Amino acid sequence: MDIKLIPLWTKKELIKAISATDPTDNFLVKEKTEILGVSINDKTIKKGDLFIPIKGNKFDGHNFIESAIKNGAVGVIASDFKLAKKYNALYVNDTKKALIKMAQFARKRFKGKTIAITGSTGKTSARYITSTILKKYGETHYSQGNNNNLIGVCLTLSRLPATKKYCVLELGMNHIGEIEELTKIVLPNIVLITNVSNSHIANFKNEKEIAEAKSEIFLGLKDPSSVILNADNKWSNLLFKKSKKAKTKIHFFGFKDNSKTKIIKIEDKKNGSIVSFNNIKNWHLKYLNSIQAINALAALSILNELNLDISIGMKIISEMKPLPGRGEIITINFECKNKSFLIDDSYNASPAAMGAALLSFYKSKSSLQDYETVIIISDMLELGKDAAKLHANLIPIIKKINPDILITLGSETLKIAIELNLNKKIISYHDIEQLLKDLPKILKPKQNILVKGSNGTGLWKLVNFVKNEYNYQESNNAA
């Protein structure tokens, strides 16, 4: 029996939402034509999608209308009147503004609970964990990939079916006012701020200004509302004071006594962790380390605020693996049957996240004592005038790890290598391509390898190289 797909948008709804006109009166006139999705990319468009061509600084999506239609688009919105007539499209003055209006309309017709997650680090992992477990409680819509800016958030909301029960959105920022703009579109019922640190500090005067910018998320709260804050973060008191003005419920999670989700202990255990919190003892997360355990507890705090039974979520999380690039462990298999383990934390890096990854790596040494220890780090980007100082702050933990091999990529991590002057093997690179050429001479059996750096340095290419050139498996069962 064929499953009847419910249209995401009707013509009437769409025209109302974006104040559009239909110059030819032929928009969606074909028999059984229904909008099942929304896309701004002609290359990834799916059959049944509405195509919205966005004008950017370097491109104009209107140039790809014909390609989008060939690839399955059932309708188009255009801000060029001639093209609107040519392709039986709806006409608007500005397609970007139309997408924003669609997002606002979709949010207002949605009657479920909306959760907005932001933070300097951990927001993508927290969103991933939260959306994964919420699926067990009801139909859940959520951000895909890195869609956390204005276009990404609005695109996600434009795809939100009114029938879903939960919507989980990730909100990112790199300047003042960005979160305010997003939250007033999202209108969240629950807000989670994972933490505040000096990520993207190049665009801010100081860390306090970052905290204040993150607090803009409270300006869009929709009743009934809850705010979830990391009690152990140095800016928790500032965020608490800001959130009180929104007259919302406050839920702290962390080690501090004022935490509703109170952590008793977190211990790294092999490649996972053991967590005790509230009245729960020794909860085993098989594949999530102590860093990801914090995100897991934040997700459970969201369940708590939704009045859901957290035991279901705990069971799912205990078997959950991290996202690629965020602590996933890759087993490299060699012909001699000895293995090496690569911790892929290559997606991005801030000083706080880098320090936490190095500390977790230090703890992992105890279970892999007969393995050679290899650290591969690249520069942390967007740190502004404090870049040198913030990189230098990593020196004590690297000294403590005392790696057998240290590999650096970039000018700032080169300074770390020079300052360390370890009696071990240190290799520094200025570009990723040369590192990739030398990698086969570096990798060998029985190594424990950490890969951590900012996305813009291209260090992620190293992980792709390993996956393409070596016999590997995604595994979190090392040692």
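Among the residues making up segment 260-269, those that are in contact (Cβ under 8 Å) with a residue 12 or more places away in the chain and outside any loop (DSSP other than H, G, I, E, B) are T261, K262, I263, I264, I266, E267, D268, K269.
Evaluation of T331 against the conditions (1) outside any strand (DSSP E or B); (2) surrounded by fewer than 19 Cβ atoms within 10 Å (Cβ to Cβ); (3) touching a residue at least 40 places away in the same chain (Cβ under 8 Å) shows that the sole unmet condition is (1). Checked against the criteria, T140 counts as open to solvent by 10 Å² or more (accessible area, probe 1.4 Å) and within 30 Å of L297 (Cβ to Cβ).
Mind listing just one residue for me: the one in segment 270-289 that is hydroxyl-bearing (S, T, Y) and either free of Cβ contacts under 8 Å to residues at least 40 places away in the same chain or open to solvent by less than 20 Å² (accessible area, probe 1.4 Å) (or both) and, of those, farthest from K452 (Cα to Cα)? Before you say what the answer is, go through the steps one by one.
Of segment 270-289, the ones hydroxyl-bearing (S, T, Y) are 273, 276, 287.
Filter again for either free of Cβ contacts under 8 Å to residues at least 40 places away in the same chain or open to solvent by less than 20 Å² (accessible area, probe 1.4 Å) (or both), leaving 273, 276.
Values: S273: 20, S276: 28 Å.
The selected residue is S276.
Of the set (1) touching an Asp or Glu at 6+ places or on another chain (Cβ under 7 Å); (2) at negative phi, all apply to G410 but (2).
Applying the set (1) open to solvent by 10 Å² or more (accessible area, probe 1.4 Å); (2) assigned to a loop (DSSP other than H, G, I, E, B); (3) not hydroxyl-bearing (S, T, Y) to L160 leaves exactly one unmet item: (1).
For beta carbons closer than 7 Å, sequence separation of 6+ or different chains, a first residue in segment 413-439 that is farther than 20 Å from N455 by Cα and a second that is open to solvent by 90 Å² or more (accessible area, probe 1.4 Å) and not aromatic (F, W, Y), the qualifying pairs are L420/K399.
The condition (being out of contact with any Ser or Thr (no Cβ under 7 Å at 6 or more places or on another chain) and either among the acidic types (D, E) or in a helix (DSSP H, G or I) (or both)) is satisfied by just one residue among I312, I316: I312. Given the residues K113, K135, K165, which is the only one that is free of Cβ contacts under 8 Å to residues at least 40 places away in the same chain and open to solvent by 10 Å² or more (accessible area, probe 1.4 Å)? One residue alone meets the criteria, K135. Would you confirm whether or not segment 349-367 contains a residue that is open to solvent by 40 Å² or more (accessible area, probe 1.4 Å), of a type outside the set (A, V, I, L, M) and either at pLDDT 95 or above or in a loop (DSSP other than H, G, I, E, B) (or both)? No: zero hits. One residue alone among A89, A73, A78, A68 is at negative phi, touching a residue at least 60 places away in the same chain (Cβ under 8 Å) and either open to solvent by 10 Å² or more (accessible area, probe 1.4 Å) or not acidic (D, E) (or both), and that residue is A89.
Kindly establish whether V451 is open to solvent by less than 50 Å² (accessible area, probe 1.4 Å), touching a residue at least 40 places away in the same chain (Cβ under 8 Å) and either among the charged types (D, E, K, R) or touching a Pro at 6+ places or on another chain (Cβ under 9 Å) (or both).
Criteria not met by V451.
Elements of the type helices (runs of 4 or more DSSP H) sitting completely within segment 57-133 and holding at least 3 residues that are under 27 Å from N203 (Cα atoms) and at pLDDT 95 or above: these cover 95-109. Which residues, counting only those in segment 39-53, are among the aliphatic types (A, V, I, L, M) and either open to solvent by 20 Å² or more (accessible area, probe 1.4 Å) or part of a strand (DSSP E or B) (or both)? Of everything in segment 39-53, those that are among the aliphatic types (A, V, I, L, M) and either open to solvent by 20 Å² or more (accessible area, probe 1.4 Å) or part of a strand (DSSP E or B) (or both) turn out to be I40, L50.
The conditions of being part of a helix (DSSP H, G or I), buried (at least 22 other Cβ atoms within 10 Å of the Cβ) and among the polar types (S, T, N, Q) are not met by N304.
Does segment 211-248 hold any residues that are surrounded by fewer than 21 Cβ atoms within 10 Å (Cβ to Cβ) and touching an Asp or Glu at 6+ places or on another chain (Cβ under 7 Å), and which are they? The one that is surrounded by fewer than 21 Cβ atoms within 10 Å (Cβ to Cβ) and touching an Asp or Glu at 6+ places or on another chain (Cβ under 7 Å): L219. Applying the condition of being more than 23 Å from N464 (Cβ to Cβ) and of a type in the set (V, I, T) to segment 316-339 and asking which residue is farthest from the chain's Cα centre (by Cα) yields I316.
State yes or no: is R107 in contact with a Leu (Cβ under 6 Å, 6 or more places away or on another chain) and either within 25 Å of E328 (Cα to Cα) or not aliphatic (A, V, I, L, M) (or both)? When the stated conditions are applied, R107 passes them. The number of residues in segment 201-259 that are assigned to a helix (DSSP H, G or I), of a type in the set (S, T, N, Q) and out of contact with any Lys or Arg (no Cβ under 9 Å at 6 or more places or on another chain) comes to 3.
Yes/no per residue for (1) at pLDDT below 95; (2) of a type in the set (A, V, I, L, M, F, W, C); (3) closer than 23 Å to I45 by Cα:
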site: G138; (1), (2), (3): no, no, no
site: N149; (1), (2), (3): no, no, yes
site: T156; (1), (2), (3): no, no, yes
site: L169; (1), (2), (3): no, yes, yes
site: N174; (1), (2), (3): yes, no, no
site: E180; (1), (2), (3): no, no, no
site: L192; (1), (2), (3): no, yes, no
site: I210; (1), (2), (3): no, yes, no
site: G220; (1), (2), (3): no, no, no
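The values are calculated or read from the model by the stated rules, or taken from the named source; none is laboratory data. Everything numeric in this text was worked out from a predicted model, so none of it was measured. Ideal geometry is used to build each Cβ from the backbone, glycine not excepted, and the neighbour counts take in all protein chains shown. Protein only, heavy atoms only, side chains kept; ligands, DNA and RNA dropped before computing areas. Shrake-Rupley method; radii C 1.70, N 1.55, O 1.52, S 1.80 Å.
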